[in-house]
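The block underneath contains the structure these notes are about, expressed in structure tokens.
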Amino acid sequence: LSGAARLPRGAPESLVNARGAGAAGLVGAAQRWLGDAPRQTTGVRALQIAIGTMLFLRVCNDAPFASFLWGPHGLGWGSTRTILGATLGGVVDHVYESDVSVYALLGCLAVGAVGLILGYRTSLATLAALVPYALLEQRLPQYVDRGDSAARLALLYLLFVLPSGARPAPGSLAVWLHNVAVVAIGLQAATIYAAAGLAKLAGSRWLDGTAIYHVAQVAALSHPAFVEVARQPLVTAFGSYATLVYELLFPLAIISPLRLPWIAVGLLFHVAIGGLMGLVTFSIVMIGLDLFFVTDREYAQLGRWAAGRWRAALGQRRPAGPGPP
Amino acid sequence: MQWRDPRHALSSVAKAAALCWLAGHFLLITLYLLPPWPPRQAVRGLLDLTVGRHFEQNWSLFAPDPIGSNFALLVRGLDAAELAAVAREGLPADRWYDLSAPLWDGFAQNRLTAYERMSSLQLRGVLAYLQEEPAEWAWAESCRRGDPTSCALHAAELERLRLPATIQLVRFASAFYADLGLADQLSYVALRLRETRPPPWSERGAAPELVDIDLGVYPIERGMPRSGLYVGERAN
């Protein structure tokens, strides 16, 4: 993780590339990185927008089936006692006793999702999304997929980031906590990729390069075109090995000069997963986590480049007016 | 300016605590995600209490190997007369409904729906039903060698382990018959798993293999709300 929106003079631009005199220099650079200014503020917004979008889609998709899934006579029979204990869990479990309160949870989740998308009171929006999300997960844990797990963990860390647009004093506790949460999100994302890659190493189909063919056979997921394409040896071998290499090397690539290309490949990878396998909500969360790694300085450069291109395009389109008399 | 010092000290303590939490948290997560080995097993209780309870995660995405097979849940409602016939003649051959295929078709037509998650929910129930704990292997082996006590113990333990998955699958079936408006006319549901095994990579042009596994007959669950997933289906 590197960069900041407004780096104070003398602050390290990158924690990873900090050059100092041994351990003391590194500790000093780490302290300045954590304390001087909030990092990854635009990346945090990208992640909030991605999670908000994903949650809003979930609410729209699940609302027609809410009573069947989480209602008092529905599929779920889970309880919050496992995480909150018998006393508090027993009280909180009353929320599952009527369809009205289940729909209220979905409503609260939708409000939190919209707040995250719009950047409006993001701390409150994060809490408004996290609480009903966790309650619904406890009621029917079997309905949760990996995208939900990633979003829930990210929301927990996002509770500690600065609200959108906040201007805290450099060196304050708020800045420190924001940056610790930023590191936590980065480590969690790296953990997701590394764990996914390492788990695949235990499977013979990933190692012999035919895993993508088998993934494509799952009728519940794959697009008909994907089934045909995955029968091509080159496609399935490249897809299997590229996935394995990408996931295993992610934690190293993200702290190396390969970071931006790795993020770009990750975006394409998750767009493909969303399109070909239909794992749309999972892909949206993972795209948010990938975009989180772009630094504020790089977002600013991208913004200036896009604005320049836009102005140039407008200039070319503008018809030539009559010449001077 | 005296008040600033305690405040500064508190802030420093909070900053140090945040760093300690970060280091400890990711150490625990790393241990939690590692395969069982002695250091992990030594702190298993702590891992379950911390990461397992509040930061639960499992990133085995299509790992160690993708499942590949398609598991469809088939159901057949039974009234009292049909249930009596099952004991004599076995399960009927007709009027089985595939509860998974409509979800797969719906999801293929529109990716922005809950159908994929619903079919995954069915799949998890089926896989949980079929999964046998390693602790049960010894009873199963002993049963295969002809020990009736081991067979009885194995059967009782399997029933206990399968109970949550069974409840979920029966509820799915009951909600389906509620969608059809037939739930009140039926007293039991038979569950069947249809596994479509794709050919191995070396024979990828060949036809898939179909395997049916009966999961048992259970009382229908009354009072289930309509799922709304199968409202267009017709009783045949």
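The number of residues in region B:44-61 that are facing another protein chain (nearest Cβ under 7 Å) and of a type in the set (Ser, Thr, Tyr) comes to 1.
Scanning region B:62-103 for residues that are within 14 Å of chain A (Cβ to nearest Cβ) and part of a strand (DSSP E or B) yields B:70, B:71, B:72, B:73, B:98. Looking only at region B:199-226, count every residue that is assigned to a strand (DSSP E or B) and among the charged types (D, E, K, R) and tell me the total. Adding up the residues that qualify gives 3.
Annotation note: of A:105, A:127, the sole residue that is surrounded by fewer than 20 Cβ atoms within 10 Å (Cβ to Cβ), touching a Leu at 6+ places or on another chain (Cβ under 8 Å) and of a type in the set (A, V, I, L, M, F, W, C) is A:127. Tell me whether region A:127-146 contains one or more residues that are free of Cβ contacts under 8 Å to residues at least 24 places away in the same chain, touching a Ser or Thr at 6+ places or on another chain (Cβ under 7 Å), more than 30 Å from residue B:10 (Cα to Cα) and within 12 Å of another protein chain (Cβ to nearest Cβ). For region A:127-146, residues free of Cβ contacts under 8 Å to residues at least 24 places away in the same chain, touching a Ser or Thr at 6+ places or on another chain (Cβ under 7 Å), more than 30 Å from residue B:10 (Cα to Cα) and within 12 Å of another protein chain (Cβ to nearest Cβ): absent. Listed by first and then second residue, the pairs with beta-carbon distance under 6 Å, at least 6 apart or on different chains, first residue in region A:186-204 and under 16 Å from residue A:245 (Cβ atoms), second of a type in the set (Asp, Glu), are A:193/A:247; A:196/A:247; A:197/A:247; A:203/B:65. Looking at (1) within 10 Å of another protein chain (Cβ to nearest Cβ); (2) touching a helix residue (DSSP H, G or I) at 6+ places or on another chain (Cβ under 9 Å); (3) not aliphatic (A, V, I, L, M), which is the only condition residue A:168 fails? Looking at each condition in turn, residue A:168 falls short on (1).
Looking at B:175, B:140, B:152, which is the one that is within 25 Å of residue A:64 (Cβ to Cβ), in a helix (DSSP H, G or I) and among the small types (Gly, Ala, Ser)?
Unique residue meeting the criteria: B:175.
The number of residues in region B:170-229 being surrounded by fewer than 21 Cβ atoms within 10 Å (Cβ to Cβ), polar (S, T, N, Q) and under 23 Å from the mean Cα position of the chain (by Cα) comes to 1.
Remark: residue B:114 falls outside the filter, which requires a residue to be at the interface with another protein chain (Cβ under 10 Å from one of its Cβ atoms), touching a residue at least 40 places away in the same chain (Cβ under 8 Å) and of a type in the set (A, V, I, L, M). Determine whether region A:176-194 contains at least one residue that is among the polar types (S, T, N, Q), within 11 Å of chain B (Cβ to nearest Cβ) and closer than 30 Å to residue B:195 by Cα. Among the residues of region A:176-194, not one is among the polar types (S, T, N, Q), within 11 Å of chain B (Cβ to nearest Cβ) and closer than 30 Å to residue B:195 by Cα, which makes the answer no. Applying the set (1) farther than 27 Å from residue A:213 by Cα; (2) modelled with pLDDT of 90 or more to residue B:103 leaves exactly one unmet item: (1).
Conditions (1) within 30 Å of residue B:207 (Cβ to Cβ); (2) out of contact with any Pro (no Cβ under 7 Å at 6 or more places or on another chain); (3) of a type in the set (Val, Ile, Thr), marked per residue:
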| position | (1), (2), (3) |
| --- | --- |
| B:28 | no, yes, no |
| B:45 | no, yes, no |
| B:49 | no, yes, no |
| B:67 | yes, yes, yes |
| B:74 | yes, yes, no |
| B:94 | yes, yes, no |
| B:99 | yes, yes, no |
| B:102 | yes, yes, no |
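Just name the residue that is nearest to residue B:227 (Cα to Cα) out of those in region A:61-89 that are of a type in the set (Ser, Thr, Tyr) and in a helix (DSSP H, G or I).
Restricting to residues being of a type in the set (Ser, Thr, Tyr) and in a helix (DSSP H, G or I), the top hit is A:67.
Of everything listed in (1) at the interface with chain B (Cβ under 9 Å from one of its Cβ atoms); (2) surrounded by 14 or more Cβ atoms within 10 Å (Cβ to Cβ); (3) out of contact with any Lys or Arg (no Cβ under 9 Å at 6 or more places or on another chain), the single unmet condition for residue A:202 is (2).
Answer yes if at least one residue in region B:112-128 is of a type outside the set (Gly, Ala, Ser) and farther than 30 Å from residue A:194 by Cα, and no otherwise. Full working, then the answer.
Narrowing region B:112-128 to residues of a type outside the set (Gly, Ala, Ser): B:112-113, B:115-118, B:121-124, B:126-127.
Subset that is farther than 30 Å from residue A:194 by Cα: none.
No, the conditions are met nowhere in region B:112-128.
The values are calculated or read from the model by the stated rules, or taken from the named source; none is laboratory data. If you're wondering where the values come from, they're calculated on a predicted model, not measured in any experiment. Note that each Cβ is placed from the backbone with ideal geometry, even for glycine, and that neighbours are counted across all protein chains shown.
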